[in-house]
Amino acid sequence: MEGSVCKSIKMSLPKIYVIILNYNSWMDTIECLESVLRSDYPNYQVIVVDNNSSDNSLEYLKMWAEGKLNIFINNDNPLKNLSFPPLSKPIPYVCYTKEEAEKGGNRELENKLKDKIPEGITTKYPIIFIQSGDNLGFATGNNVGIRYALAKNDFDSIILLNNDTVIKKDAISILMNTKLKFGDEGIYGGRIFYYSDPKKIWYDGGKFNEWTGRTIHLNLGKYIYELKNVPVVKEVNFITFCYVLIPKFILNKIGLLDESYFMYVEDLDYSYNVWRSGYKLYNVSISEIWHKVGTSSGGEFSYFSAYHSMKNRVKFLLKNKILFGFIFLIFSRIVTFAIYLKQGRVYLLKAQIRGFLDGINDILHQIKIKHKIKQLRQTIFK
């Protein structure tokens, strides 16, 4: 009797969607999925959006779900137990196009597959695979998954999770329980460690400074044993979307991610909108995951990262009229460019200059379009 009562309480917990974006990195995604599907939170469904990978990622992911493929994890990997040994297969899945997903998919088919979840897998729903049809970038790709969830309208919150992560078994339940305690009027993040150095912190809450226009990761580079008296939950004003829980309430108030950011800064933009709208941002230090930092973009010092991070930083500052931050950015580049030249990283200098100019150009283009729309409205309604 006691067991059945506990089970009924667990099953009454609100449903969440875990959205994972994949692009040419199916092996990372499989390792991530193997960890997520061990979660001790009892009411979640996984959505994997593939951004039209050129390496047949979606086919490999289907093969994995069917039990025809597993990845190898080194025996000396300290995080091996988070996603190994492989879960029981086959795992039921449904595959949608972007258009099908954004209409809410096929509920009847999904309900039929609920009874086919193998033992040892903690979700009660089939995995949803969505082929976006193009490389849409981070914001738009995740929005495809969010629109699917909104169309079904059967959930309480979503979690965005990078595919190059693995999570602790209780990470999701801790984050969700915190949300149930503190409420819908906020977004929630957790503590993120380096996958390559599992006791070293990459993110433990974030801080955005409106004067400098810069964000910092709290406790970046510190080891877990160096920390003392860290609060379990603390208010911040920036959360990385490597791992974030967003209640449906916030999605309805703030909207989806800004799709004008192809990659980078979309999380700062969303965090800033949440913060400026008077809602809260919480970091939950005991909700722990591990991140293969830089895998999705070729590394923290790649041309791709340098270009897109600069371009979108400029767009964010000008879009939100953070002028002191923009001025600070200009002067800080003098020092940064000197360092790049000294290090022989001329490619980074070129990437950031190009990103800076393209960011300004994008904002001017948006202003021009808005001006034309305003003129058209005045003409129609004069």
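The values are calculated or read from the model by the stated rules, or taken from the named source; none is laboratory data. Predicted model only: the values in this text are computed from it and were never measured. No Cβ is skipped: glycine too gets one built from the backbone with ideal geometry, and neighbour counts run over all protein chains shown. The protein model used for the area step is the full one, side chains on, heavy atoms only, and it has no ligands, DNA or RNA in it. Shrake-Rupley method; radii C 1.70, N 1.55, O 1.52, S 1.80 Å.
Beyond 21 Å, how much of the Cα-Cα pair distribution for segment 256-339 remains, as a whole percent?
Above the 21 Å cut-off, segment 256-339 has 45 percent of its Cα pairs.
Based only on Cα atoms, what mean projected area does the convex hull of segment 61-189 have, in nm²?
9.4 nm²
Scaled to the compact-protein estimate 2.2 N^0.38 Å, what is the alpha-carbon radius of gyration of segment 110-179, rounded to two decimal places?
1.27
Relative to the first principal axis of the alpha-carbon coordinates of the chain, what is the inclination of helix 137-152, with its axis defined by its Cα atoms, in degrees from 0 to 90 and to the nearest 10?
50 degrees
Short version: ³J(HN,Hα) in whole Hz for each residue of segment 165-175, in order, from phi by Karplus 6.51 cos²θ - 1.76 cosθ + 1.60 (θ = phi - 60°), x for Gly and Pro, what are they?
10, 10, 10, 6, 3, 9, 4, 5, 5, 5, 5
Give the shape of segment 170-276 as rounded, prolate or oblate, defined through the alpha-carbon gyration tensor: a ≥ b ≥ c are the square roots of its eigenvalues, a/c under 1.5 means rounded, and otherwise the shape is prolate if a/b is larger than b/c and oblate if not.
Judged from the Cα gyration tensor, segment 170-276 comes out oblate (a/c at least 1.5, b/c at or above a/b).
Among LYS179/LYS200; LYS228/LYS292; LYS292/LYS319; LYS152/LYS179; LYS168/LYS207; LYS89/LYS152, which pairs are too far apart, with a Cα-Cα distance over 23 Å?
LYS179/LYS200; LYS228/LYS292; LYS292/LYS319; LYS168/LYS207; LYS89/LYS152
Of all accessible surface on the chain at a 1.4 Å probe, what whole percent is carbon and sulfur?
Whole-percent figure for carbon plus sulfur exposure: 55.
Please list TYR60, TYR194, TYR307 in order of solvent-accessible area, largest first, computed with a 1.4 Å probe with all protein chains present.
Largest accessible area first, the list is TYR60, TYR194, TYR307.
With each run of n ≥ 4 DSSP H residues scored as -39500 (n - 2.57), what mean residue ellipticity at 222 nm is computed for the chain after dividing by its residue count and rounding to the nearest 500 deg cm²/dmol?
Computed mean residue ellipticity for the chain: -13500 deg cm²/dmol.
Which loop chymotrypsin sites (Phe, Trp or Tyr not before Pro) in segment 239-272, with loop taken from DSSP, have no more than 12 other Cβ atoms within 10 angstrom of their Cβ?
Of the chymotrypsin sites (Phe, Trp or Tyr not before Pro), not one in the loops of segment 239-272 has a Cβ with at most 12 other Cβ atoms within 10 Å.
Mind checking the per residue accessible area of the chain for me, 1.4 Å probe, whole number of Å²?
Accessible surface, normalised per residue, equals 48 Å².
Quick check on the chain: of the DSSP beta bridges with both residues there, what percent are antiparallel, nearest 5%?
40 percent
If each Cα of segment 26-79 is one equal point scatterer, what is log10 of I(q)/I(0) from the Debye formula at q = 0.15, 0.22 Å⁻¹?
Result of the Debye calculation: -0.50, -0.96.
Tell me, Kirkwood radius of the chain from alpha-carbon pair distances, in Å?
Radius from the Kirkwood sum: 22.0 Å.
Calculate, in nm to one decimal, what ASN361 and ILE216 gain on full extension: separation in residues at 0.36 nm each, minus their alpha carbon distance.
This chain segment gains 49.5 nm when fully extended.
Counting other Cβ atoms within 10 Å, keep those with at most 16, restrict to DSSP loop, and tell me which trypsin sites (Lys or Arg not before Pro) in segment 233-328 are left.
LYS321
With the Cα gyration tensor of segment 228-267 giving a ≥ b ≥ c as the square roots of its eigenvalues, does the rule (a/c under 1.5 for rounded; else a/b larger than b/c for prolate; else oblate) give rounded, prolate or oblate?
Here segment 228-267 falls in the oblate category.
Once you have a ≥ b ≥ c as the square roots of the Cα gyration tensor eigenvalues for segment 1-125, tell me rounded if a/c is under 1.5, and otherwise prolate or oblate according to whether a/b is larger than b/c.
Oblate.
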